[in-house]
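Read through the structure below, which is laid out as structure tokens, and then see the notes.
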Amino acid sequence: MPPPYTIKGHISQTTFWDNDHPREQIEELVEQAKLADPKLHEFMRHLSNTVKNESGKPIRYERGPLKTRERIAAKCGITNWDDPKTDKPGGKIPLQVKDISRATIVFSTIAQMNAFRDFISMTPEFEAIKDLHGKAVKDLWGMGIQDQYKDVKFFLQVEIDFSTTVDGKPTGKRKIPHIVELQLNVGQMAWGKAYGHAFYNLSRLARLDGEEKFVWNNPKCVITVPANISGKCANKLRTAITHCRSLAEGDKTVLLATNILSKLLSNKFKLPSSKECESLPSAKHYDYKNRKQPLVIRCGKYNWKKAESQDSNQAQAWAIAYLAAFVWSNFTKSQHKPGITGTAASFHEK
């Protein structure tokens, strides 16, 4: 029977396949997550019945879909499942992907969220990994980060009874740990997430000196949107642009940024033709089509004060960065408005 493989001393997944077989590890982790997911939601049901919100009602949570094989592979630098020669170095190894099974809780106030955070930190599922290397909790609210999406993410360890086959040999059923993710949000910030992620997803596709890094005014930084997801990205961007316009209140800089990205959509993307619409459901008639080639945006300096070269790549990179900050700034500020979170919102922030 092969030994389980893990990253010793670190918060890590555990697999029977070794690190020389990343594709087999990924498929094994997907199967593990199917067993871990009910454990996570059993944990959530217990917490929701134990910790009440301010009105005395149980905390409600949302079950997230399991991360797919393709999404895990992308995190690990695997671009073509059937061709290992195309794998990109420098990505994660499968053992480092800890959010295959996940859930989210949305609170009405920061105070609620932080009280729940403190309760989770005392559970056995968190205690099991809190002293290992790596962050068992990532608290962007506690870090005081401004002008971007903020949440609290916990990694938790659940135990599953799992068996698989390695090189044609059954491992036998064994109890092994599996890491899951629990995300805590505040209502207004979760609302902003739906729009801010359109910009965030584009920034994640940026590369600077071979690393995932977005610096909008650095000429070495390039955003590349793969052709097969370009239509989906464009649809989300269109919705986010519309929302930013509704929040702009006449702000000329915000409106400039939305105009730049609207021009990007109209110049670089196409809607289905009348003939194509005949074979599509009506809901798809206004969805942008995938491009035949990747969308490439080359970053660099841009003088928005003069509103120059609005069709340039540099203008587009600036607009993405500016609207991302605008969305998160807007929803961060909303947490401190009377009637949304009340005085409790700042209780844990002082």
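Here, each number is a calculation from the coordinates, and none is a lab measurement. Since the structure is predicted, the reported quantities are computational estimates derived from the model, not experimental observations. For neighbour counting, all protein chains shown are included, and Cβ atoms are generated from backbone atoms with ideal geometry for every residue, glycine included.
Summary of computed values
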{"read-out": "Complete set of residues in segment 1-16 that are under 27 Å from the mean Cα position of the chain (by Cα), among the hydrophobic types (A, V, I, L, M, F, W, C) and crowded, with 19+ Cβ neighbours inside 10 Å", "value": "Ile11"}
{"read-out": "Test result for Lys263, within 30 Å of Ala74 (Cα to Cα) and surrounded by 14 or more Cβ atoms within 10 Å (Cβ to Cβ)", "value": "yes"}
{"read-out": "Qualifying positions in segment 122-131 - surrounded by fewer than 14 Cβ atoms within 10 Å (Cβ to Cβ) and either assigned to a helix (DSSP H, G or I) or touching a strand residue (DSSP E or B) at 6+ places or on another chain (Cβ under 7 Å) (or both)", "value": "Pro124, Glu127"}
{"read-out": "Output for segment 213-238, where each listed residue is basic (Lys, Arg) and in contact with a strand residue (DSSP E or B) (Cβ under 9 Å, 6 or more places away or on another chain)", "value": "Lys213, Lys220"}
{"read-out": "Long-range neighbours under 9 Å by Cβ, at least six apart or interchain, first residue touching a residue at least 24 places away in the same chain (Cβ under 8 Å) and within 27 Å of Val106 (Cα to Cα) within segment 151-167, second assigned to a strand (DSSP E or B) and hydroxyl-bearing (Ser, Thr, Tyr)", "value": "Asp151/Thr104"}
